[in-house]
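Right, one structure below, let's go through it.
Here, each number is a calculation from the coordinates, and none is a lab measurement. Since the structure is predicted, the reported quantities are computational estimates derived from the model, not experimental observations. Note that each Cβ is placed from the backbone with ideal geometry, even for glycine, and that neighbours are counted across all protein chains shown.
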Amino acid sequence: MKKILLCAPLLILAGSVWAQNNTDGNLLTTAGGSTRIGTYLTDWSVGGTASSDSFQLPSGHYLTQGFLQPASSLIQLLLTFDSLPGKTYGDVNFELHGIASDGTDLVYTSEDESIAKIVNGNTVVIVGAGTTSITATIKNTNISKKQILAVDKATQTITFEVIDVLMKNGSPVTLKATSTSGLPVQFTNKNPFVVKLNGAELTPVDIGTATMEASHPGDKNYYPALVSQTVRVIDPSGAQLSVPLVVSPNGDGINDQFVIKGIENFPDNHLVIVNRNGTKVYEASNYNNSELIFSGAGDARYEFKGKPAPSQSFLPQGTYFYVIDYKDGANRKRHTGYFVLKF
């Protein structure tokens, strides 16, 4: 016996072809077979499965998964695939555990395999930091569900080997530092008056302290990291301060300023500079070789306030005398001497 099925205009899947039809179609009453709908031949069977968005046709039939199926024999097929927890680059592999309601195997795919890839069917291997989509599909169906996998960058820890106290004009030492990321570490010297840095080689120049940094700027998989330590350079003779004999503010990078080596160890200090006649030409408290520094111009103390120093005339060339008063622990000490100013 044949049943006549009148199909209203629908978007119907026949094999891999989509077609819009408004023609009559014949359904056989056997357990399975095929029927022609318009110019397309569509397979159908009894007792199949369906996703929740199957198309219901007249006469109690469904169009699902490319098959025409009686509604009375249809089995609803559900896919459970929960959201994925956030991960960090370097985390161990983990397994996916989606479930099809009829126990059918699932197929997993990653949208971006530079972030994560699937191995051994359901194991996720994290490849890099970023965001990708993981899709679970019931095998041999078009029923699928997608979840977002976010992989954060990893932190890195730098170990910076301690630098011993160095001697003025002593032999160079090699800086050593490593990162847990395995990435190369770079070094930065914050006080070139005290030490000189060439790559990883550190050479003591004069007495004082310098901050040395070991760092890595980070990359697509790791956050930046930085550690620092203070390097101390001492004079074998026991001198606490070292003052230049010549100041030549001509812009050649050599003795352009009155740099008092070691003054950073004694922040409670007071500097006075006078000319040969004993006239005070410069005075500063808490002198520090940076915000407060003598560059050949006289008149008064200049306090750095985020703006360039006001225009000042250079002092005449000649010999000048200085007095440095500083606090060393509980004691106050005085260092005196002279320098030549020339251009």
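Structural remarks
- Cα gyration tensor category, rounded, prolate or oblate, for the range 122-185 with a/c compared to 1.5: prolate
- With the convex hull drawn over the C-alpha atoms of the range 125-281, the volume per residue is 190 Å³.
- Summing +1 for each Lys or Arg and -1 for each Asp or Glu among the other residues whose beta-carbon sits under 12 angstrom from that of Ile126 gives -1.
- Note on Phe343 and Thr104: with the Förster distance fixed at 56 Å, the Cβ-Cβ geometry gives a FRET efficiency of about 0.05.
- Straight Cα distances below 19 angstrom link Lys117 to the aspartates and glutamates Asp82, Asp91, Glu95, Asp105, Asp152, with same-chain residues fewer than 8 positions distant left out.
- Computed from the C-beta positions of Lys190 and Val125, the FRET efficiency with R₀ = 45 Å rounds to 0.60.
- Distance violations [Cα-Cα > 30 Å] among Lys87/Lys145; Lys87/Lys139; Lys139/Lys220; Lys87/Lys176: Lys139/Lys220; Lys87/Lys176
- Tail beyond 19 Å, pair distance distribution of the range 158-234 (Cα, percent): 33 percent
- Cα-based radius of gyration for the range 79-152, normalised by 2.2 N^0.38 Å, reads 1.05.
- With the simple model of a label 7 Å out from the Cα in the direction of the Cβ, Ser290 to Asn140 spans 7.3 nm.
- The residues packed around Lys333, meaning those with a beta-carbon under 10 Å from its beta-carbon, carry a net charge of +1 if Lys and Arg are +1 and Asp and Glu are -1.
- Neighbour-count ranking [beta-carbon atoms within 10 angstrom, fewest first] of Arg332, Arg232: Arg332, Arg232
- Residues listed by number, the range 201-217, amide nitrogen under 18 Å from Asp328 label point at 7 Å toward C-beta: 206-209
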